[in-house]
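The values are calculated or read from the model by the stated rules, or taken from the named source; none is laboratory data. Because the structure is predicted, anything quoted here is derived from the model rather than measured. FYI the Cβ positions are ideal-geometry reconstructions off the backbone, even for glycines, and counts take in every protein chain you see.
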Amino acid sequence: MPISKKRKKTALAQIHDKQVSQEPVNLDSPRWLAPLMVAFFIIGLLYVITFYLAGSTVPGMSSLSAAVNIGIGFSFIIVGFFLSTKWR
């Protein structure tokens, strides 16, 4: 019985073979990311709670308006959410 001809690999198949043979990418997040993310969440939450409970008696908070104080607290929380998107 005759032997059939071998097919030549296309350029796309050769590129795919090269990509498969590369080292896998490390998708782990740095060790400092999770504690920093949680710290931003907690700082933002504590800032907002402090403003609502004792905002008029705290020297730095009493000079700022309510919108600015809430904005500062939520800014910390937003940074925490941004860091949470980088966590794996």
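Filter region 28-38 down to residues that are surrounded by 13 or more Cβ atoms within 10 Å (Cβ to Cβ) and free of Cβ contacts under 8 Å to residues at least 12 places away in the same chain, then give me how many there are.
Adding up the residues that qualify gives 0.
Within region 52-66, is even one residue of a type in the set (S, T, Y) and surrounded by 13 or more Cβ atoms within 10 Å (Cβ to Cβ)?
No, there is no match, as no residue in region 52-66 is of a type in the set (S, T, Y) and surrounded by 13 or more Cβ atoms within 10 Å (Cβ to Cβ).
Which members of region 46-76 meet the condition of being assigned to a helix (DSSP H, G or I), without any contact (Cβ under 8 Å) to a residue 24 or more places away in the chain and either touching a strand residue (DSSP E or B) at 6+ places or on another chain (Cβ under 8 Å) or among the β-branched types (V, I, T) (or both)?
I49, T50, V68, I70 - these are the residues of region 46-76 that are assigned to a helix (DSSP H, G or I), without any contact (Cβ under 8 Å) to a residue 24 or more places away in the chain and either touching a strand residue (DSSP E or B) at 6+ places or on another chain (Cβ under 8 Å) or among the β-branched types (V, I, T) (or both).
So which residues in region 20-45 are more than 17 Å from G80 (Cβ to Cβ) and either at pLDDT 95 or above or outside any loop (DSSP other than H, G, I, E, B) (or both)?
Scanning region 20-45 gives a single hit, V20.
Does V79 fit the bill of being at negative phi and modelled with pLDDT of 90 or more?
Yes.
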